[in-house]
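Bear in mind that the values in this text are calculations on the coordinates, not laboratory data. All values derive from a computational prediction rather than experimental measurement. No Cβ is skipped: glycine too gets one built from the backbone with ideal geometry, and neighbour counts run over all protein chains shown.
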Amino acid sequence: MDLCVTIKGVSFLLQTGMGILGNTVVLLAYTHIVCTGPKLLPVDMILCHLAFANLLLLLTRCVPQTMTVFGLKDLLNDPGCKVVIYAYRIGRALSVCITCMLSVFQAVTITPTGPYLSRLKPSLPSLVLPTFAGLWLFNMAICIAAPLFSMAPRNGTVPAFTLNLGFCHVDFRDNLSYVINGVAVSGRDFAFVALMVGSSCYILLLLHRHSHQVKGIRRSQGGGAETRAAKTVLTLVVLYVVFFGIDNVIWIYMLTVAKVSPVVADMRVFFSSCYASLSPYFIISSNKKVKAKIVCAAEHEQPSADTQDSNDK
C-alpha cells in the first residue's frame, strides 16, 4: 500500500475511532443520568443532542470514508448513497446549529434580567425541545438536494461538477445546481457560526465585567468560576473558527473548479470531522456530571478486576 494512502487511512481510522468512542461515552453518561436521577437540565439536553449529531456525522461520513481509503469498494448502491449522504448532511448541519444554540442559550441565561428578558428566561427550558424540532426540519429542507444528486460510483470518467466522495458520487449535473447547493450550505454555516461567535463574545464581555466587579472581593480566587466559564466559551469558539473555517474555505475553493481532486475532498472531510471527534472530550473535561459518571463507572469496574485477579491466584 502506498505510504500516502496508509497515512490517510490511519488518520481517518484514528479520527473515526476516537470520535465514535467519545460521543458514545457522552451519550451513555447522559443516559445513565436520566435513568438514575432527575430530568436533564436544558444545557445537558443540548450537549446530549450535540453528541448524537456528531455521532451521526461520524457514522455516515468517516466510517465509509475510512473503509474506502483502505480499498473497500462498492460499499453502497444508489439508494444507500442517498440515505447516507442525506444523513451526513443533516448531522453536519445539526452539529453547527446545536453548538450555536448552546452558545446563544448560555448568553441569554447569564444576561442580567431586564424588561425584555423577564418573560423569556423562565420559558427557556420549555423552548429547548421545540428548537430541536425546528432545527431538524430546517436542515432537512436545506439538505434535500443532496440525496437527489447522490449515486453509487460509476466506472469511467467522473463528470464535471461531481463531488467524488469515494464511496458515493454527488453529481450536480450543471454549474447552476452545483453553485446553488454550495451557496445554501455555506450561507447557513456562516450565519450560524457568526451568531455563535457573536453570542460567545458577548458572554466573554459579561464575564469580564463581572470579574472586575468582584475583583476586590475575590482577588485570592483569581476569577475561579468566571475564568473557567470564559475558557469554556473560548475553546468552543476556537474549535469552530479553526475547523469549520478551514472546511468552508476548502468548500468555497471546490465551488470554483469543475472537477474536484479526491485529495482536496479528503482534506475537507478530515477537517470538517475534527470537531465531531474532539468535542466529546471537551464535553467530558468541562462537564462535571459527565465526568463524575465516567469516574464512577471506572471505579465500579476496578473492584471487579481486582476480584478476578485474586480469584485467578
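Data overview
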read-out	value
Most to least packed among 80-93, 193-206 [average Cβ atoms within 10 Å]	80-93, 193-206
Added length on full extension, which subtracts the Cα-Cα distance from 0.36 nm per residue, L124 to S261	44.8 nm
Percentage, to the nearest whole number, of Cα pairs in region 128-184 over 15 Å apart	56
Whole-Å semi-axes of region 1-141's equivalent ellipsoid (Cα gyration tensor)	36, 17, 14
Per residue, the convex hull volume that the Cα atoms of region 50-119 enclose (Å³)	89
